[in-house]
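Taking it in order: structure first as structure tokens, then the write-up.
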Amino acid sequence: MKKHLFILSILAICFGALFQACKSAKKSLKKGNYDDSVLRAVEKLRSTPNHLSSLDILKAAYPNALDLHLGEIARNKNATHLFRFETEVHEYETLNKLYDAINRCTPCAKVVTAQNFETEEKDARQRAFSIRYTEGEKAFSNGTRPNARIAYEHFEKANELLPGYKDIQQKLDDSFDIATFKVVVEQVLVTSRAYQLSNAYFQDRINEFLHTNRRMNKFVRFYTPGEATETKVKPDHVITLQFDDFVVGQTLIEKNTETVTSKDSVKVSEKTVGKVKVPIYGKVTAKLTKNRKTVHSSGLLDMRIEDFQAKRIVNQEKFTGEYNWMCEWANYNGDERALTPAEIRMCKSQELLPPAPQDLFVEFSKPIYDRVTNRLRTYYAKY
């Protein structure tokens, strides 16, 4: 019985999914979204070849989709804008996707004759590529950074149209090199007589952020001093990050002793009345001592941005960060029943050793990292 119910459940789910797909294809057809209607009907017919509603939807949707795209191509023939062939590429590409989808579906190919526009798409791509390539060369020949950026955008679009065609990759590399605003980031090593400290963790996180800087501006590239030397980069800016001051492991111990009394009366003794022992109730007390150890660590980072060519500081800011590690424990003398459950748990705790100085340094540098990277993201978004 359970097996039959399970099979019925699966069939119900499958039927429901098929019904929903058919319903969506029909809805797309009514809205005039013929491409979507064709693709949904094809998807249904692959799993259910004899689905009559989907066959009817496909027969209605594909001719409309074909007319719509060919009409757009015909109207585009009269366009005068420079990049008109890219519109043709898009339209032919869509028609060829519909052709491929229908031809991979045997029942679909039996009810509609899909048209192949591979030759037309290839010709439109070639024309569109040539225009983008020529415009890129024109912009690049002017030699300035703004024009190199325009050239790169043209070459990038050309590469999307025909990936790797001709010497397009070299054109992309050359234009990007001139278009890029180059920034070298120097991070001064932390030294401490008291502790063997290192800001390597902070430096690594900053470098990781800067090397994934597309979130800021694709035309800004950051280098470490080593990378700049190796590639012989002439930077536009040099950023220096240096910890001006830091304190690690500044300890404060606080102690507070108080007398606590139980909230409710409890049995404290008993007396004999006649031959019967009678409990005596009363409130009990205990002397509770709470201890708190706070280990404070903080630092101050200086960020200087220098215009390398002009040899002048164009921006300087300070960023602070702090981290407080805390440990609490307690002990008592007296009746435990005077304590609350939380106070009892605290009395079972013990004094703990604080993290190592290096770990404390890492912790207080985390908020500094957040503030520095947010500032760099804002600052270089305009370059």
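The values are calculated or read from the model by the stated rules, or taken from the named source; none is laboratory data. The model shown is predicted, which means the values in this text are computed figures rather than measured ones. Every residue, glycine among them, receives a Cβ derived from its backbone with ideal geometry; neighbour counts consider all protein chains shown. Each accessible area value is taken on the protein alone, full model and side chains, heavy atoms only, with ligands, DNA and RNA left out. Shrake-Rupley method; radii C 1.70, N 1.55, O 1.52, S 1.80 Å.
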Point to revise | Residue that is open to solvent by less than 80 Å² (accessible area, probe 1.4 Å), in contact (Cβ under 8 Å) with a residue 12 or more places away in the chain and outside any helix (DSSP H, G or I), where the choices are P367, P355 | key: P355
Exercise for review: Could you tell me which of the residues R345, R292, R337 is surrounded by 14 or more Cβ atoms within 10 Å (Cβ to Cβ), among the charged types (D, E, K, R) and not in a strand (DSSP E or B)?
Suggested key: R337
Review point. With (1) part of a helix (DSSP H, G or I); (2) in contact with a helix residue (DSSP H, G or I) (Cβ under 8 Å, 6 or more places away or on another chain); (3) crowded, with 17+ Cβ neighbours inside 10 Å as the list, and V183 as the residue in question, which single condition is left unmet?
Key: (1)
Review point. If only one of D236, D245 is within 18 Å of V188 (Cβ to Cβ) and not aliphatic (A, V, I, L, M), which one is it?
Key: D245
Study note, to complete from the structure: Counting only residues in region 140-169 that are more than 19 Å from V220 (Cα to Cα) and without any contact (Cβ under 8 Å) to a residue 24 or more places away in the chain, the one least open to solvent (accessible area, probe 1.4 Å) is identified as N159
Check your understanding: Would you say I206 is open to solvent by less than 50 Å² (accessible area, probe 1.4 Å) and under 21 Å from I131 (Cβ atoms)?
Key -> no
